[in-house]
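This report refers to the structure that appears directly beneath it.
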Amino acid sequence: MKNNREVRVRFAPSPTGYLHIGSARTAFFNWLYAKKTGGKFILRIEDTDIARHQEDAINQILESLKWLGLEWDEGPGLETEGKFGPYRQSQRADIYKEFAQKLVHDKKAYLCFCSPEELEKERKIKLEEGKPFKYDRKCLKLSPDEIRYSLREGKSYAIRFLVPENEKIEFKDTVYGDIKVSSESIDDFIILRSNGLPTYNFSATIDDALMEITHIIRGEDHLSNTPKQILIYKALGFNIPFFTHLPMILGQDGQKLSKRHGSISIEKYIEEGFLREAILNYLALLGWAYDEKTTIFSIDEMIEKFELDSINKKPAKFDYDKLLWINGYYIRNLSDENLAELLKDKMKKYLESQKPSNLEESARELDQKIIKITPLVKERIKTLNEGIGLINPFFVKISYSNESINYFKNKNIDAPDILKRVYKALDELEEQKGERTEKFCAENIEKRLRQISEELNLNFRKVAEVIRIAIWNSPVSPPLFGTIEILGKKLTLKRIEDYLRIISQ
RNA sequence: GGCCUGUUCGUCUAGGGGUUAGGACAGUAGGUUUUCAACCUACCAACAGGAGUUCGAAUCUCCUACAGGCUACCA
């Protein structure tokens, strides 16, 4: 049919909201297939529904796609959009009108003067009777005179596609196999609304044909629409592309992914500190597997190994925990330099959101400090935001929580005594004592602190616990010795003093 | 209601007439450890149900149940 043609795939979102997980996967699979085959990935905006379409959503979608690295070869937002443009359906109204009129002229479509209200009423009645609703073709029976009269009256009309009778529509879906549908089960659907704009099935088909899309890869919710579109392809004499429908992505409750399910927009995941490689890796695993073992794929590996016909049919529930795990894996495998860079950007934003009076002096040394901090937290975080949460006391003043203040109340630990000893031990470091100055570094700090636990004949974890609460306002911190070193002598001692003062009150 | 589609551990999946039904996440137990992680070890846990075909079915066929989609002048 079109074996030697260049592969052309497309992602065609409608801008009714932000790019969500499900659409992102559809975009990604299209992109993967284009990369794999050396084809073109086209972006088209389906904004024919004026009521629901939001202008800023388009930008959001474009931004999210770019962030994911799913760059398109043709479409909006590019310096030269491409030779099949415009790529926004709202700018292609004339094209659809023209084809609709051609179909009317060829008697493959007809004018319908029925009002949406009447139709709605009839539909309701049929539904209550438990009978299938199908348009009764009232307007097909109109005589040319009647039509002329209505037009002269200025009556508004839609254009309906005339579905051929007794026709078997068959197509092969890469994922779902052979699909056969009888034309009897298809209503004479509207292709052009009375406002002159096309409906989805019509505009999508016209554009896919005109833009010479060879492979349509989209969500399973369009599987049932495909027969209608094939009818249009045939009526207009267009080449029929290959179809691949992707199983739906559902929320953890098994329902279609929606706002109720918490963060579902890509934007949210960017904010939370997920990495694009991790998101794409996870998305690839929803409905597809390469073999029985591999779960981690680099993007190049995915391009190499991805196959449309090994996508499975079952809808997949979105598993946030697994995404988290994958993200943690990618973070751990980042180089210190790259991770530091990412953490720095996040931290910068975080610090900007804080009151200046809440910042420690060290906030000004973010750039130098972050590279030292990074190896300490790399294995401990699953998202960048977790990282920020773990390390922000390096830069932001701590105010002791009640929990911290009362932490040792009913425990058999003499916290003040320990802290006084710690203070003294640390204070001695870096003190000028002729030649024998001991550096304030993790190694020496460890030596000193372990000495204290020996002196007191106390398990070291107890000592560490006390120090953590005092300098970090939390029983959890990055590894203690490195943390103290990076915090610096001055700040460490100050926090110990502060804590001692507060608990002695 | 009609049409289309799907159903393997809690979740993502591998397998596609003969397997101890494999892996990963989560969970549990242990090890390591200055906390939290990470890491290591072990464990837990599935072929929706029923008929049929067959020497043999999770795998093929049919039925049922459940789930999802479409049935809009939404996409």
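The values are calculated or read from the model by the stated rules, or taken from the named source; none is laboratory data. If you're wondering where the values come from, they're calculated on a predicted model, not measured in any experiment. Using ideal geometry, Cβ is built from the backbone for each residue, glycine included, and neighbour counts are taken over all protein chains shown. Side chains included, ligands, DNA and RNA excluded: accessible areas come from the protein's heavy atoms. Shrake-Rupley method; radii C 1.70, N 1.55, O 1.52, S 1.80 Å.
Summarising the strand pairing of segment A:151-264, around 60 percent of its internal DSSP beta bridges are antiparallel.
Take A:GLU277: with every protein chain present and a 1.4 Å probe, its accessible area is about 70 Å². Inter-part distance, segment A:376-415 to segment A:141-155, computed on C-alpha centroids, equals 77 Å.
Counting only Cβ charges, +1 for Lys and Arg and -1 for Asp and Glu, the dipole size of segment A:94-192 around its Cα centre is about 180 debye. Put a dot 7 Å past the Cα of A:LYS131, heading toward its Cβ, do the same for A:ASP321, and the two dots end up 5.2 nm apart. Counting only residues at least eight positions apart within a chain, or on another chain, the aspartates and glutamates with an alpha carbon under 19 Å from that of A:LYS121 are A:GLU129, A:ASP136, A:ASP187, A:ASP188. Across every pair of non-identical alpha carbons in segment A:40-141, the mean reciprocal distance, once inverted, gives a Kirkwood radius of 17.3 Å. Pairs from the table (A:LYS372/A:LYS490; A:LYS180/A:LYS314; A:LYS97/A:LYS124; A:LYS138/A:LYS228; A:LYS172/A:LYS314) lying more than 22 angstrom apart at Cα are A:LYS97/A:LYS124. Projecting the Cα atoms of A:TYR320, A:LEU334, A:LEU351 onto the charge dipole of segment A:306-353 (Cβ charges, centred on the Cα centre) puts A:TYR320 farthest toward the positive pole. Using a cut-off of 26 Å between Cα atoms, the listed pairs A:LYS35/A:LYS349; A:LYS36/A:LYS66; A:LYS83/A:LYS168 include A:LYS35/A:LYS349; A:LYS83/A:LYS168 as exceeding that distance. I'd like the orientation of helix A:21-37 relative to chain A: the angle between its Cα long axis and the longest Cα principal axis, in ° from 0 to 90, rounded to 10. The helix A:21-37 is inclined about 80 degrees to chain A. Over segment A:350-505, the fraction of Cα-Cα pairs per 5 Å bin, rounded to whole percents and listed from the shortest bin up, is 1, 8, 18, 21, 21, 16, 10, 4, 1, 0. Sorting the Cα pairs of segment A:335-397 by distance into bins of 10 Å, from 0 upward, gives 23, 60, 16, 0 percent per bin. Counting pairs of Cα atoms in chain A, how many percent are more than 35 Å apart? Summing the P(r) of chain A above 35 Å gives 52 percent of all pairs. Taking amide H as placed 1.01 Å from N in the peptide plane, the amide H of A:VAL396 sits under 5 Å from that of A:GLU360, each at least 5 places away or on another chain.
Expressed in nm², what is the orientationally averaged projection area of the convex hull enclosing the Cα positions of segment A:228-366? So the mean shadow area of the Cα hull is 13.4 nm².
For chain A, the Cys residues with no second cysteine's beta carbon closer than 4.7 Å are A:CYS114, A:CYS441.
Computed from the C-alpha gyration tensor, the three semi-axes of the ellipsoid equivalent to segment A:415-505 are 20, 14, 13 Å, from longest to shortest. When the Cα atoms of segment A:90-170 are aligned to their principal axes, the ranges along those axes come out at 40, 39, 30 Å in descending order. Quick one: check the C-alpha center-to-center distance for segment A:308-355 versus segment A:214-278, whole angstrom. Segment A:308-355 and segment A:214-278 have Cα centres separated by 23 Å.
Computed on segment A:277-398, with alpha-carbon pairs under 8 angstrom and 6+ residues apart, the relative contact order is 28 percent.
For segment A:481-494, putting each phi into the Karplus relation 6.51 cos²θ - 1.76 cosθ + 1.60 with θ = phi - 60° gives couplings of 5, x, 4, 5, 4, 6, 4, x, 4, 4, 5, 4, 5, 4 Hz, in residue order, rounded to whole numbers and with x for Gly and Pro.
Counting only protein heavy atoms and using a 1.4 Å probe, the accessible area of A:TYR200 comes to about 60 Å². With every protein chain in place and a 1.4 angstrom probe, the accessible-area ranking of A:THR244, A:THR174, largest first, reads A:THR174, A:THR244.
Calculated on the Cα set of segment A:1-98, radius of gyration then Dmax: 13.7, 41 Å.
In sequence order, segment A:376-387 has phi-based couplings of 6, 10, 3, 8, 10, 10, 10, 9, 5, 5, 4, x Hz under the Karplus curve 6.51 cos²θ - 1.76 cosθ + 1.60, θ = phi - 60°, and Gly or Pro positions carry x.
Rounded to the nearest 10 degrees, the angle from helix A:93-105 to the longest Cα principal axis of chain A is 30 degrees. Along the axis of the charge dipole computed for chain A (Cβ charges of +1 for Lys and Arg, -1 for Asp and Glu, origin at the Cα centre), the listed residues A:ILE398, A:GLY482, A:ILE213 are led at the positive end by A:ILE398. In this structure segment A:94-192 gives 65 Å² per residue of accessible area when probed at 1.4 Å with all protein chains present. Add -39500 (n - 2.57) for each DSSP H run of 4 or more in chain A, then divide by its residues: what number comes out at 222 nm, to the nearest 500 deg cm²/dmol? Helices in chain A give a 222 nm mean residue ellipticity of -14000 deg cm²/dmol. Per residue, the solvent-accessible area of segment A:335-397 (1.4 Å probe, heavy atoms of protein chains only, all protein chains present) comes to 54 Å².
Average accessible surface for segment A:402-504: 56 Å² per residue, computed with a 1.4 Å probe over protein heavy atoms with every protein chain in place.
Enclosing the Cα atoms of segment A:168-231 in their convex hull gives a volume equal to 93 cubic angstrom per residue. Taking every DSSP bridge with both residues inside chain A, close to 55 percent are antiparallel. The listed residues A:LEU127, A:LEU103, A:LEU342, once ranked by accessible area (1.4 Å probe) with the largest placed first, stand as A:LEU127, A:LEU342, A:LEU103. Sorting A:SER357, A:SER14 on solvent-accessible area from highest to lowest, probe radius 1.4 Å, gives A:SER357, A:SER14. A:LEU62 contributes about 20 Å² of solvent-accessible surface, heavy atoms of the protein only, 1.4 Å probe. Annotation: aspartates and glutamates with alpha-carbon distance below 18 angstrom to A:LYS462 (same-chain offsets under eight excluded): A:GLU403, A:ASP414, A:ASP417, A:GLU446, A:GLU454. Using a probe radius of 1.4 angstrom, the carbon and sulfur fraction of the accessible surface of chain A is 48%.
Phi-derived couplings, Karplus 6.51 cos²θ - 1.76 cosθ + 1.60 at θ = phi - 60°, listed residue by residue for segment A:242-247: 7, 10, 9, 9, 9, x Hz, with x used for Gly and Pro.
Only Lys, Arg, Asp and Glu carry charge here, each on its Cβ (+1 for the first two, -1 for the last two); on that basis chain A has a dipole of about 620 debye about its Cα centre.
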